[in-house]
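The values are calculated or read from the model by the stated rules, or taken from the named source; none is laboratory data. All values derive from a computational prediction rather than experimental measurement. Cβ coordinates were reconstructed from backbone atoms using ideal geometry, including for glycine residues, and neighbour counts include every protein chain displayed. Keep in mind that these areas ignore ligands, DNA and RNA; they rest on the heavy atoms of the full protein, side chains included. Shrake-Rupley method; radii C 1.70, N 1.55, O 1.52, S 1.80 Å.
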Amino acid sequence: MRPAPTEFLSRILREKVFQNSPNPGDALAELSRMFVQKRCSRKEILVHAGEKWSRIYFIHKGLIRLFYTDLKGREFNKSVG
């Protein structure tokens, strides 16, 4: 059985981000209040062209596609790396 997204995020933060913190519980509790669970539908656009990013997305399950569209409406995937 797969853990709930909030449990999964808490575990990752505890193990990777706050591993050397003297009191990771306080830091984790404060940080976790900033996260909101959101289910995205297929083809939902998270950030439109010209917008500045104002959120961080943590993808628990699924894929995200980064692409841009030229003036003729053609889509091109954005490669990373």
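Structure summary
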| quantity | calculated |
| --- | --- |
| Residues being open to solvent by less than 100 Å² (accessible area, probe 1.4 Å) and in contact (Cβ under 8 Å) with a residue 12 or more places away in the chain - total across the range 63-76 | 3 |
| Check on L66, within 26 Å of F8 (Cβ to Cβ) and in contact with a Lys or Arg (Cβ under 8 Å, 6 or more places away or on another chain) | yes |
| Whichever residue in the range 1-27 is of a type in the set (A, V, I, L, M, F, W, C) and closer than 17 Å to H60 by Cβ and, among such residues, is modelled with the lowest pLDDT | M1 |
| Members of the range 14-43 found to be β-branched (V, I, T) and surrounded by fewer than 12 Cβ atoms within 10 Å (Cβ to Cβ), listed by number | V36 |
